[in-house]
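In what follows, a structure is listed as structure tokens, so that the remarks can point back to it.
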Amino acid sequence: MSVDVRLASGADVSAIMTVMRDAFDPRFGEAWSVSQLTGSLSIPGTWAMVAHGADGTVTGFTLTRLILDSAELLLVAVANDCRGAGCGRALLEAAAEQARQRGAAEMFLEVRDGNEAALALYRKCDFTEIGRRKDYYSGAGTERFDAITMRCKFGI
Ligand SMILES: CC(C)(COP(=O)(O)OP(=O)(O)OC[C@H]1O[C@@H](n2cnc3c(N)ncnc32)[C@H](O)[C@@H]1OP(=O)(O)O)[C@@H](O)C(=O)NCCC(=O)NCCS
């Protein structure tokens, strides 16, 4: 299935927040608030991209920032009922291509150990583990999860 991805604008914030609220499991507190999202988008070098259906409905998004020649994937999310159809992969590839065009030589991200869908997506997109912060994330109750740092070096 082909997935259309485009750069987001301020007009997409509400649709991005709809996906945000749907996609992230509240147990982990990983969804951003609208003020966190808009605050981040106001910083130069930070941008969002959205995947959308033929009718324009936003099905997923990425948020990425670039510092010097290093991009960081801050968020990727796909609405629950649109998963498993290549949307996450198309979004990540588009974010990487956009980062390359803006001068990035590599992309980093951090993921909660145990987030198997995200780990599978990142590995399929050539990210490899380069570090780990023990017990960085909290879950329900006393649960703790390592943060895994991953990197993808872009070819020339
Ligand atoms: C992670 C996420 C974005 C993946 O989106 P998706 O649209 O389902 O991903 P895709 O369909 O593009 O799948 C990409 C690859 O990952 C694999 N994958 C996806 N979900 C998987 C799962 N639950 N278990 C195992 N593999 C999985 C797919 O098999 C696919 O491989 P393929 O291209 O060889 O077929 C989605 O699950 C999500 O929004 N999760 C909640 C938000 C989140 O945790 N984001 C990451 C931290 S910011």
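A short reminder: the numbers here are calculations on the coordinates, not readings from a lab. In this text, all values refer to a predicted model and were calculated from it rather than measured experimentally. Backbone-built Cβ (ideal geometry, glycine too); neighbour counts: all protein chains shown.
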Legend entry - Distant-in-sequence amide H partners of Leu74 (H built 1.01 Å from N, under 5 Å): Leu63, Thr64, Arg65
Inset, instruction - Could you run the Karplus curve 6.51 cos²θ - 1.76 cosθ + 1.60 with θ = phi - 60° over region 49-63 and give me ³J(HN,Hα) per residue in whole Hz, x for Gly and Pro? - result: 10, 10, 9, 8, x, 4, 8, x, 4, 6, 10, x, 7, 10, 10
Legend entry - Protection-proxy order for peptides 60-69, 28-37, 143-152, each taking the mean of Cβ atoms within 10 Å per residue, highest first: 60-69, 143-152, 28-37
Inset, instruction - Please work out whether region 69-154 counts as rounded, prolate or oblate from its C-alpha gyration tensor, where a ≥ b ≥ c are the square roots of the eigenvalues and a/c under 1.5 means rounded, while otherwise a/b larger than b/c means prolate and anything else oblate? - result: oblate
Inset, instruction - Only bridges with both residues in region 4-153 count here: give the DSSP antiparallel percent, nearest 5. - result: 90
Inset, instruction - Hand me the GluC sites (Glu not before Pro) from region 90-135 located in a DSSP loop with no more than 16 other Cβ atoms within 10 Å, in residue order please. - result: none
Legend entry - 3J(HN,Hα) from dihedral phi, region 118-123, Karplus parametrisation 6.51/-1.76/1.60, rounded to Hz, x for glycine, proline: 5, 4, 5, 4, 5, 5
Legend entry - Sites matching trypsin sites (Lys or Arg not before Pro) across region 2-42 that sit in DSSP coil, with at most 11 neighbouring C-beta atoms within 10 Å: none
Inset, instruction - With r as the distance between the Cβ atoms of Asp25 and Tyr136 and R0 = 22 Å, compute the FRET efficiency 1/(1 + (r/R0)^6) and round to 0.05. - result: 0.85
Legend entry - Over the chain: helical MRE at 222 nm, DSSP H runs n ≥ 4 each giving -39500 (n - 2.57), nearest 500: -8500 deg cm²/dmol
Inset, instruction - Could you work out how far apart the two model spin labels at Glu110 and Glu143 are, taking each label as a point 7 Å from the Cα in the direction of the beta carbon, and quote it in nm? - result: 2.0
Inset, instruction - List the pair-distance distribution P(r) of the chain, using every Cα-Cα distance, as the percent of pairs falling in each 5 Å bin from 0 up to the bin containing the longest distance, rounded to whole percents. - result: 2, 9, 19, 22, 22, 17, 7, 2, 0, 0
